[in-house]
Amino acid sequence: MGEQVKFLPRAQLLTLEELELVGRIFVELGVTKIRLTGGEPLVRTNVLQLFQKLGQLTGLKELLLTTNGVLLDKLAKPLVEAGVKRVNISLDSLRPERFAAITRNGKLSEVLRGIEAALDAGFQGIKLNTVILKHRNHDEIIDLVDFAVARGIEISFIEEMPIGNIGDHDRAEVYYSSDEIRRDIEQAFTLLPSARNTGGPARYFQIVGTSSFVGFISPHSHNFCDTCNRVRLTTEGRLLLCLGQENSIDLRRVIRAHPGETEPLKHAITQAMLMKPKGHDFDLTQESQVLRYMNITGG
Ligand code: SF4
């Protein structure tokens, strides 16, 4: 079955102006880092305008992007010009058939072209995001690290998060922990723990003898909720306080009930922070408690 893609009526989506407004208010409230993720953020019509607007916000130190890379060959340069500092590109396989199977008909060649365009565009940082599943792609770990090292970029291995009932694999059965991935990498590379910190949940290791780092995002084996300061806004305007819980408030209702006003929005956001959960209750042996799919919120 896999993740379901549901296209929403336009009226239900925040407009680019409303998305920019929410971004501006968060920055006025002290936020210094905004990452646009998806589904796939670059498919949104005129999305470059949003990046340009957010990129001009005083107080925003980091404007970041997570993408499937397919549209990077066209948009990499204008995104850098708009102020995007670092880009994460999802890449779970280097084998075209397997890539197509994992991404439901995605074309690996398009993503590889996007990665080359990102390398040429001058981003301050490029990182591959890879979800490893046993018997699905765990035999490609070294190839993926080789790919990153050959390009002088980073790679993060992410333990799958039980978000949405996907039905095409038993999560507990295919779970492949960060420690197992690290053990496999150390068959071919020497890893040195690094103090590197991008403000995200990854634990980094320098790949000795290269300019590359490998990161591990380990919601199951090395929980990182106690340092979490992340919230997510969906395209419908739902402010999710935690990826692993359903606590949220409807900012679209606030924006449209008070057109042109910012105080009600500021109040709603600061109130919402009071109900941010302490962490997730992920349990790979159970059906997912979080029914929305990852492509609704992004990582
Ligand atoms: S699961 Fe929730 S609390 Fe934990 S890191 Fe993710 S968003 Fe933060």
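Are there any trypsin sites (Lys or Arg not before Pro) in segment 1-92 that are in a DSSP loop and have at most 10 other Cβ atoms within 10 Å? List them by number.
Lys6
Could you work out how far helix 263-273 tilts from the main Cα principal axis of the chain, as a 0 to 90 degree angle to the nearest 10?
40 degrees
How far is helix 16-28 tilted, in degrees, relative to the longest principal axis of the Cα atoms in the chain, given as a value from 0 to 90 rounded to the nearest 10?
90 degrees
What GluC sites (Glu not before Pro) does segment 236-299 have in DSSP loop regions with at most 10 other beta carbons within 10 Å?
Glu287
Using the alpha-carbon atoms, what tilt in degrees (0 to 90, nearest 10) does helix 141-151 show relative to the longest principal axis of the chain?
The angle comes out at about 70 degrees.
So which trypsin sites (Lys or Arg not before Pro) in segment 179-227 end up in coil per DSSP with only 15 or fewer other C-beta atoms within 10 Å?
The qualifying sites are Arg196.
Report the Rg/Rh value for segment 1-140, based on alpha-carbon coordinates and the Kirkwood definition of Rh.
So for segment 1-140, dividing Rg by the Kirkwood Rh gives 1.00.
Among Ser109, Asn46, Asn137, which residue has its Cα furthest toward the positive end of the charge dipole of segment 1-139, with +1 on Lys/Arg Cβ and -1 on Asp/Glu Cβ?
It is Asn137.
Take a quick pass over segment 1-128 and tell me how many lysine pairs come in under 20 angstrom between Cα atoms, counting only ones 8 or more apart or on separate chains.
18
Which one of Gly164, Gln187, Asn229 has its Cα pushed farthest toward the positive end of the charge dipole of segment 144-239, where Lys and Arg give +1 and Asp and Glu give -1 at the Cβ?
With unit charges placed on the Cβ atoms, the residue in question is Asn229.
Just the accessible area per residue of segment 205-252, please: how many Å² with a 1.4 Å probe?
Dividing the accessible area of segment 205-252 by its residue count gives 40 Å².
Size of the dipole of segment 165-299 about the Cα centre, Lys and Arg at +1 and Asp and Glu at -1 on the beta carbon, nothing else charged, in debye to 20?
640 debye
Calculate the all-directions average of the projected area of the chain's alpha-carbon convex hull, and give it in nm².
That works out to 14.9 nm², a quarter of the Cα hull's surface.
Once the Cα gyration tensor of segment 162-234 is found, what semi-axes does its equivalent ellipsoid get, as square roots of 5 times the eigenvalues, in whole Å, sorted largest first?
Equivalent ellipsoid of segment 162-234: 25, 19, 10 Å, largest first.
Would you mind telling me the share, in percent, of accessible area of the chain contributed by carbon and sulfur at probe 1.4 angstrom?
That fraction is 52 percent.
The values are calculated or read from the model by the stated rules, or taken from the named source; none is laboratory data. Predicted model, so just to flag it, every value in this text is computed and none were measured. Because the Cβ atoms are built from the backbone with ideal geometry, glycine has one as well, and the counts that use them run over all protein chains shown. What goes into the accessible areas is simple: the full protein's heavy atoms, side chains included, and nothing from ligands, DNA or RNA. Shrake-Rupley method; radii C 1.70, N 1.55, O 1.52, S 1.80 Å.
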